[in-house]
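Q: One structure coming up, written as structure tokens, with questions to follow.
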Amino acid sequence: MENKGISSAVIKRLPRYYRYLSDLMNQGVERISSNELSSLMSVTASQIRQDLNNFGGFGQQGYGYNVEYLYGEIGKILCVDKKHNMVIIGGGNFGHALANYERFEQKGFVTRAIFDKDPEKVGGDVRGIPILDIAQLPAYLKEHGVQIGVLTIPKLEAQEITDILVAGGVKAIWNFAHLDLKVPDDVLVENVHLSESLMQLSYRLGEQK
């Protein structure tokens, strides 16, 4: 879903709101004020109100926010009320870990298949999700409506596989490969470079000394 005029910082905060609201629902909380949510999330109440006002506000003066309603509305904004078919490229340990994470499916992200070139892995499965030969990827994409490709492969292979995904109609790529991918303007890429995140943490540790 494209949100023209909405800053990336706001979009990045929405999943946090969604997570905290889920926890509040599990605790039986029916309503919450922006000040109460602020104390939980360490985000100012003003920022919360500004963020939510980008999408209509959802609150009532003197009442605050209905937790279940706000949770549902943010879910719609994030499009997690829809099903997104995914394929994972790379059947190694990390690919297995992602496929085993059942909460993705609860949020609408359904892994349909895993692809690998290792003959010892091909033919197996992870939690019932088949591991297929990477050579089958182009044909699989033509036959199935796959929206998201997940890359957990070495960077030397990442661009070639990305080109296959794009040619097969995939419009979003979750990239764990250490490579900045080249894609058409209408294809979304979310890069998750774990080593870079760890180095940022290392830098912050160094600042404390």
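Q: List every residue pair whose Cβ atoms sit under 9 Å apart, with the two residues 6 or more apart in sequence or on different chains, where the first one lies in region 69-98 and is within 20 Å of I153 (Cβ to Cβ) and the second, anywhere, is assigned to a strand (DSSP E or B) and among the polar types (S, T, N, Q).
A: Matching pairs, first to second residue: N85/T111; M86/T111; V87/T111; I88/T111; L98/T111.
Q: Restricted to region 171-186, and to residues that are loosely packed, with under 15 Cβ neighbours inside 10 Å and in contact with a helix residue (DSSP H, G or I) (Cβ under 8 Å, 6 or more places away or on another chain), which residue is modelled with the lowest pLDDT? Spell out the reasoning first.
A: Step one: of region 171-186, the residues loosely packed, with under 15 Cβ neighbours inside 10 Å are 178, 180, 182, 184-186.
Next cut, in contact with a helix residue (DSSP H, G or I) (Cβ under 8 Å, 6 or more places away or on another chain) only: 178, 182, 184.
On the way: H178: 89, K182: 96, P184: 96.
Only one residue tops the list, namely H178.
Q: Another one. Return only the number of the condition from (1) surrounded by fewer than 20 Cβ atoms within 10 Å (Cβ to Cβ); (2) in contact (Cβ under 8 Å) with a residue 40 or more places away in the chain that L151 does not satisfy.
A: Failed condition: (1).
Q: Test D125 against the criterion of being farther than 26 Å from L188 by Cα, more than 13 Å from the chain's Cα centre (by Cα), surrounded by fewer than 18 Cβ atoms within 10 Å (Cβ to Cβ) and in contact (Cβ under 8 Å) with a residue 12 or more places away in the chain, and give yes or no. Let's see the steps before the verdict.
A: Values: farther than 26 Å from L188 by Cα: yes; more than 13 Å from the chain's Cα centre (by Cα): yes; surrounded by fewer than 18 Cβ atoms within 10 Å (Cβ to Cβ): yes; in contact (Cβ under 8 Å) with a residue 12 or more places away in the chain: no.
In short, no.
Q: Can you give me the number of residues within region 17-43 that are in contact with a helix residue (DSSP H, G or I) (Cβ under 7 Å, 6 or more places away or on another chain) and small (G, A, S)?
A: Selection size over region 17-43: 3.
Q: Still on this model: Within region 24-53, restricting attention to residues that are open to solvent by 60 Å² or more (accessible area, probe 1.4 Å) and of a type in the set (G, A, S), which residue is modelled with the lowest pLDDT? Steps first, please.
A: Of the residues in region 24-53, the ones open to solvent by 60 Å² or more (accessible area, probe 1.4 Å) are 25-27, 30-31, 35-36, 39-40, 42, 44, 49-50, 53.
Applying the additional criterion that residues be of a type in the set (G, A, S) yields 39, 42.
On the way: S39: 93, S42: 89.
Residue satisfying both the conditions and the ranking: S42.
Q: Here's another thing I want to ask about it. Collect the residues in region 66-98 that are closer than 18 Å to I32 by Cβ, open to solvent by less than 20 Å² (accessible area, probe 1.4 Å) and either touching an Asp or Glu at 6+ places or on another chain (Cβ under 7 Å) or in a strand (DSSP E or B) (or both), keeping them in residue-number order.
A: Across region 66-98, the qualifying residues are V67, G75.
Q: Further, regarding this structure: Looking at region 183-195, I want the residues that are free of Cβ contacts under 8 Å to residues at least 40 places away in the same chain and have a partner that is in a loop (DSSP other than H, G, I, E, B) and of a type in the set (F, W, Y) with Cβ atoms under 6 Å, at least 6 apart or on another chain. Which pairs are those?
A: These pairs meet every condition: V192/F176.
Q: Kindly list the number of the only condition in (1) open to solvent by less than 90 Å² (accessible area, probe 1.4 Å); (2) more than 17 Å from M86 (Cβ to Cβ); (3) outside any helix (DSSP H, G or I); (4) not small (G, A, S) that fails for V189.
A: It fails just one condition, (2).
The values are calculated or read from the model by the stated rules, or taken from the named source; none is laboratory data. Here the structure is a predicted model, which means the values were calculated and not measured. Note that each Cβ is placed from the backbone with ideal geometry, even for glycine, and that neighbours are counted across all protein chains shown. Side chains are part of the model used for accessible areas, which takes the heavy atoms of the whole protein and leaves out ligands, DNA and RNA. Shrake-Rupley method; radii C 1.70, N 1.55, O 1.52, S 1.80 Å.
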